[in-house]
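Colleague: Dropping the structure in here first, questions after.
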Amino acid sequence: MDAQQAAHLIAQGETLEVEFKSEQRHAYADRELTEAVACLANGTGGVLFLGVEDDGTVTGARPRHGGRTDPFRVQAAIANATIPPLSTRVSLLSIASQDVTAIEVDEATTPIGTTTGRYTRRALRNDGMPECTPYPLHEMLSRTTSTGESDYATLRVHGATWADLDPAEFDRFRRLAASQPGDGTLAVLSDVEIARSLGVTEPGTAGPTPLMGALLLFGTADALARFAPTHETFFQVMHGSDVKVNEQVVGGLLKSAEELFNRFSPYNTEEEVDAGLVRIALPRVPELALREAIANALVHRDYTMTGAVRLQVGDDAVVISSPGSFPRGITLDNILDHSRPRSRTLADAFKRVGIVERTGRGIPRMFESTLRIGRDAPDYSRSTSDAVVASFATSDADAALARFVFEKESVQGGPMPLSVLQVLHELRREGDLSVAEAARLLQRTEGEARASLTKMVEAGLVEPRGSGRGRRYHLSAATYRALHSDPGYVRVRGLDRIQQRPMVLTYVRAHGSITRATAAELCAIAPPAATTLLRSMVDDGDLELRGERRGAHYVLADPPPTEA
């Protein structure tokens, strides 16, 4: 960190990631310094400034350890006083003619304590100001499970015995393993062999001792209530804000998954659309997507938090929610590309009986199956730090788009890639998009998005217009025709020309002049077309050409003189 960056952060004031410590009266003690840095690491990381008052006034840091402060000695002191040793970056800076010590620390992947046994984390007080608060054990456990450092399913459960497991749930496991494309060899194993193969019994014990994963998968109702009280599952049907059905599903995870799916089935009504001699079914939620969403809610929920997994059927959406945030490293911006189970043990059990994707492509397949039938992709935007929420819109499907996709896939003999389905759906709804917009939609780099769009152009699915940064893509005339929406193509292509003149005039009034290149980018057209547009506006008396060659630009034409 340099002085300019530090001054900028200090000017913003204290936040969850920035802390000030005054050293006007005395040097900050190593013990207190270590606690403050560990507190930042247990939050989202950040930087601690020595020599800055709470109000941001820079008053200067004192020399440490009997002489001029040695950054490496400070780093070593912090590492030696924390468990596990905490790595930091220390900089000596001059800000406002004062010496300031900046200590940067990254977010820790596992709880950091001091050698004196103190654990704190960064949080906000009621007045909105940051402070260090005690770090409770259950929050530490939640953090380690969300980062994959520990697996809740492998926790030892004091007092749990093999008698707490339900033989009927092992039979359910065998039935699923035998009937679905999972690991069929499990179907012939005994109860104890199944549990051991899944890694949910405690190793090294004389008899089979169940771990938490065994209770969650195979536990009796009484055992789950005693040992896993946070495991709750509800099926709800809403009409407006009224709850018409509110049923608790009692049992282990496999039973809960099957029960939720079966209870929703009567509500999963279908539309039908003709595609030649074939009728295509358009359910409210595709079966594949529903199974994956239910399994994700049960397997990836945070079992250190209270709350229930809920499948809620509403008037215009089906919502599946589960307690806990996304696992560490998973965000709305990378959910299609990244897979990180909160519990690898539970995820592996569901994969081995074929309930969820074995390749880690569960979320992409959910998107594919919903977009393929003309429905919106699952919406996770309502997810928070306390819950992951997947919402499936159930309004009328785009039957024409579903028919188009079915016919194209029948001709090419295979499914369309997810990226093609995403672009088709977005263009059908929004009309056009740029490479940058496509990159955000596909969760890819701009280069990858451009390559996908180019392939769609070559396949005759979309057309480009404009050039350079102003290039945008829309559905091709052939695609609009196949969707029985020829007027849509006319609107996309034709309205641009109608709007181009007002756009150019508005720009010139705001900026004084416009060049050919700017007009091309503004109107999303090629430079020659921009020249034609600008010259026609000169001919019509709207603009005047000034300058030549590279210096050529257009300004508003002088109004004609008024007669006296």
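Rule-based calculations on the coordinates, nothing more; no lab input. Remember, it's a predicted structure, so these values are computed and weren't measured experimentally. Quick reminder, even Gly has a Cβ in these numbers, built from the backbone with ideal geometry, and neighbours come from all protein chains shown.
Colleague: For the chain, the longest stretch holding no GluC sites (Glu not before Pro) located in a DSSP loop with at most 11 other Cβ atoms within 10 Å is which?
Modeller: 1-547
Colleague: Still on this structure, please answer the following. What does the highest-first list of 320-327, 396-403, 94-101 look like by mean Cβ count within 10 Å?
Modeller: Highest-to-lowest ranking by the protection proxy: 320-327, 396-403, 94-101.
Colleague: Quick one: plug the Kirkwood hydrodynamic radius of region 150-413 (C-alpha pairs) into Stokes-Einstein at 10 °C, 1.306 mPa s, and report D in µm²/s.
Modeller: Answer from the Stokes-Einstein relation: 82 µm²/s.
Colleague: OK, next. Working out 0.36 nm times the residue gap between D171 and D333, then minus their Cα-Cα distance, what length gain in nm do you get to one decimal?
Modeller: Computed gain between D171 and D333 is 54.3 nm.
Colleague: Here is a further query. Just the ratio, please: alpha-carbon radius of gyration of region 47-90 over 2.2 N^0.38 Å, N its number of residues.
Modeller: For region 47-90, the normalised Cα radius of gyration comes out at 1.31.
Colleague: Over the chain, what is the percentage of antiparallel beta bridges among all DSSP beta bridges, to the nearest 5?
Modeller: If we restrict to bridges inside the chain, about 85 percent are antiparallel.
Colleague: Post the alpha-carbon centroid distance, region 380-446 to region 197-263, in whole angstrom.
Modeller: Result: 33 Å between the Cα centres.
Colleague: With a ≥ b ≥ c taken as the square roots of the eigenvalues of the C-alpha gyration tensor of region 3-135, please select rounded if a/c is under 1.5 and otherwise prolate if a/b is larger than b/c or oblate if it is not?
Modeller: Taking the square roots of the gyration eigenvalues as a ≥ b ≥ c, region 3-135 is oblate.
Colleague: For the pair A478/S87, report the inter-label distance in nm, with labels modelled 7 Å from Cα in the Cβ direction.
Modeller: 5.4 nm
Colleague: List the aspartates and glutamates whose Cα sits under 15 Å from the Cα of K21, skipping any in the same chain fewer than 8 residues away.
Modeller: Result set, ordered by chain and number: D30, E32, E35, E53, D54, D55, D99, E104, E131.
Colleague: Provide the packing ranking of 330-341, 37-48, i.e. peptides ordered by the mean count of other C-beta atoms within 10 Å per residue, highest first.
Modeller: The packing order, highest mean first, is 37-48, 330-341.
Colleague: Any cysteines in the chain with zero other Cys Cβ atoms under 4.7 Å from their Cβ? List them, or say none.
Modeller: C523
Colleague: Assuming R0 = 41 Å, can you tell me the calculated FRET efficiency for the pair D127 and E193, based on Cβ-Cβ distance, to the nearest 0.05?
Modeller: The computed FRET efficiency comes out at 0.10.
Colleague: Need the C-alpha centroid separation for region 88-140 versus region 509-559, integer Å.
Modeller: The two parts, judged by their Cα centres, are 56 Å apart.
Colleague: Towards the positive end of the charge dipole of the chain, with charges on Cβ (+1 Lys, Arg; -1 Asp, Glu), say which of A438, L124, T161 has the farthest Cα.
Modeller: About the Cα centre, the residue reaching furthest to the positive side is A438.
Colleague: A further question on this structure: Can you give the Kirkwood hydrodynamic radius for region 417-484, in Å, rounded to one decimal and based on Cα pairs?
Modeller: This gives a value of 11.7 Å.
Colleague: Can I ask one more? At R0 = 25 Å, how high is the FRET efficiency between H239 and A281 if r is their beta carbon distance? Nearest 0.05 is fine.
Modeller: Calculated value: 0.50.
Colleague: Something else: Per DSSP helix of 4 or more residues, -39500 (n - 2.57); summed, then divided by the residues of the chain. What does that give at 222 nm, rounded to the nearest 500?
Modeller: Taken over the chain, the calculation gives -12000 deg cm²/dmol.
Colleague: By how many nm would the segment from R344 to H26 grow when fully extended, if each residue of separation counts as 0.36 nm and the alpha-carbon distance is taken off?
Modeller: 109.5 nm
Colleague: A further question on this structure: Below 8 Å between Cα atoms, with a sequence gap of 6+, how large is the relative contact order for region 3-135 in percent?
Modeller: Result for region 3-135 is 29 percent.
Colleague: Considering every Cα-Cα pair within region 384-451, what fraction, in whole percent, is farther apart than 19 Å?
Modeller: 50 percent
Colleague: List the lysines whose alpha-carbon lies under 25 Å from that of K408, not counting same-chain residues fewer than 8 positions away?
Modeller: Partners within reach: K455.
Colleague: Using only C-alpha positions, report the orientation-averaged shadow area of the convex hull of the chain, nm², one decimal.
Modeller: Its average projected convex-hull area is 39.8 nm².
Colleague: For K255, list the lysines whose Cα falls under 22 Å from its own Cα; do not include residues on the same chain fewer than 8 positions away.
Modeller: Cα-Cα hits under 22 Å: K351.
Colleague: Subtract the Cα-Cα distance of F72 and E139 from 0.36 nm times their separation in residues, and report this length gain in nm to one decimal.
Modeller: Between F72 and E139, full extension yields an extra 20.9 nm.
Colleague: Taking Rh as the Kirkwood radius, which is the inverse of the mean 1/r over Cα pairs, what is the Rg/Rh value for region 492-556?
Modeller: Dividing the radius of gyration by the Kirkwood radius yields 0.93.
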